[in-house]
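Asker: Dropping a structure here in C-alpha cells format, bear with me for questions.
Derivation of every value follows stated rules applied to the coordinates shown; laboratory data play no part. Small disclaimer: the values here were computed from a predicted structure and weren't measured. Glycine also receives a Cβ, built like all others from the backbone with ideal geometry; neighbour counts cover every protein chain displayed.
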Amino acid sequence: MRVLVTGATGTVGRHVVDGLLRSGASVRALTRSPETAGLPGEVDVVRGDLTLPESVQPALADVDRLYLFPVPETAEAVMGLAAKAGVRRVVVLSSVSAEYAEGDLSGDQHRAVEAAVEASGIEWTHVRPGEFMANLLFLWAPFVKAEGVVRAPYGDAESAMVHEADIADVAVRALLEDGHAGAKYSLTGPEALTKVEQVRILGEVLGREVRFEELTREQTRELWIGQGMPPEAVDWLLTPPPKAVVGPTAEQVTGRPARTFAQWVADHRADFG
C-alpha cells in the first residue's frame, strides 16, 4: 500500500507522514520544495503543487490512498487525476466550518473541496477540525518570545481548540483502516478554555510570567493585517465567537485521550522561547 500525502510539510501533514511511517505504510510526500522539506529519509519526496494539477499527476502513480490538503480552486481536477490513477481511498483535511451556513468564507471553500471528492467516485472520509491550537504559533508566539505578552480580542470567550497531532491521528486511522468510508469527523479539543485561561496555562508550562492584554476588534484587525493576513480572512476570524462546545474528539476514533492545551504548549515550548 502506498499513500500520497499532499501538504506534507504543513502543520498537520508532517504528523500524518510520521503516523503513517509508524504504521509501516509506504509514504510518498508531495511538496513544492523537496530540497527543503526536511522529511524522514524513508519518505519518497516528490515535487508538485496542488494549484497546478498537471504537476500532481506523476506523484499519483501506483498510489492506493490519498491524504488531500484542501485547495478548492483545483480540487475537482486533482480528484479527476486521482480517479484515473486508480486511487481507492481519500481522506480530506476539511474544517468544521463546512457545517456552517452557506456564505461563510471558510465553509464555502471547504465544502467545495468535499463536493469534488464526493463526486470523484472514490471512497472518502472528511476530517473536520475546529480551531487549531497551532494558530497560536503565528498569532501569539512572536510576542510571547519577545515581550512575554499575548494581545488578543475576546479574552473571556471560550474555545475548544484541537491539537494538530490529534487531527493527524484521525486522518491516519481513516487512511489505513476500513470502516471510515463516508464519515465526517468533526473534532474539537478536550476542554473549553478562555483566552485568559490559555495564557495562564501557557505561563505555567513555560515557567514564566505571560501577560494578557485585551485588544479591541479594530486594534486586532490592524495588527493581523500588519502581520500579512488577508483582510477577508481577518474579518472572518474576528466574527464574535459562539459559545464553545466540547464536541467529538480524536479519542472516539483513535481510542486515545485527546491532547490538552497544556500538552500542546509543552510540545511547542521552543517556539515560545
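Asker: So who's got an amide H within less than 5 Å of the one on A29, skipping anything under 5 residues away but keeping other chains? H placed 1.01 Å off N, in plane.
Answerer: HN-HN under 5 Å from A29: V5, D44, V45, V46.
Asker: Cut-off is 10 Å between beta-carbons; in what order do K195, K243, K145 appear when sorted fewest neighbours first?
Answerer: K243, K145, K195
Asker: So how many Lys-Lys pairs in the chain land under 25 Å Cα to Cα, not counting same-chain pairs under 8 apart?
Answerer: Eligible lysine pairs with Cα atoms under 25 Å apart amount to 4.
Asker: What stretch of the chain, leaving out the sites themselves, is the longest with no GluC sites (Glu not before Pro) in a DSSP loop having at most 14 other Cβ atoms within 10 Å? Before the final figure, lay out each step's value.
Answerer: On the way: sites that count: E42, E73, E102, E177, E209.
The longest such stretch corresponds to 103-176.
Asker: Report the calculated FRET efficiency for I225 and S33 (r = Cβ-Cβ distance, R0 = 25 Å), to the nearest 0.05. Don't skip to the answer; put the middle values down first.
Answerer: Working: r = 27 Å, r/R0 = 1.08.
For R0 = 25 Å, the calculated efficiency reads 0.40.
Asker: Moving on. Just want the ordering: R269, R47, from fewest to most Cβ atoms lying within 10 Å of their own Cβ.
Answerer: In order of increasing Cβ crowding within 10 Å: R269, R47.
Asker: Another question about this same structure. Can you work out ³J(HN,Hα) from phi for every residue in the stretch 202-214, in order, using Karplus 6.51 cos²θ - 1.76 cosθ + 1.60 and θ = phi - 60°, giving whole Hz and x for Gly and Pro?
Answerer: Couplings: 4, x, 5, 5, 6, x, 8, 6, 10, 8, 10, 10, 6 Hz.
Asker: Which order do T216, T6, T254 fall in if you start with the one that has the fewest other Cβ atoms within 10 Å?
Answerer: Lowest to highest Cβ neighbour count: T216, T254, T6.
Asker: Between the alpha-carbon centers of the stretch 163-200 and the stretch 204-231, tell me the distance in whole angstrom.
Answerer: What the calculation gives is 25 Å, centre to centre.
Asker: Once the piece of chain linking R256 and R47 is laid out straight, how much longer is it, given 0.36 nm per residue of separation minus the C-alpha distance between them?
Answerer: Full extension from R256 to R47 adds 71.8 nm.
Asker: Another one. Work out how much length A146 to D64 would gain on full extension: take 0.36 nm times their residue separation and subtract the Cα-Cα distance, in nm to one decimal.
Answerer: 24.9 nm
Asker: On to the next question. In Å and on Cα atoms, what radius of gyration and Dmax does the stretch 2-129 show?
Answerer: When restricted to Cα atoms, the stretch 2-129 yields Rg and Dmax of 13.9, 43 Å.
Asker: What residues have an amide H closer than 5 Å to that of S186, excluding those fewer than 5 places away on the same chain, when H is modeled at 1.01 Å from N in the peptide plane?
Answerer: R128
Asker: Sticking with this structure for a sec: Work out, step by step, the length gained on full extension between R2 and R88: first 0.36 nm times the residue separation, then minus their alpha carbon distance; give nm to one decimal. Each step should come with its number before you reach the end.
Answerer: Working: separation 86, 0.36 × 86 = 30.96 nm, distance 1.09 nm.
Roughly 29.9 nm would be gained on extension.
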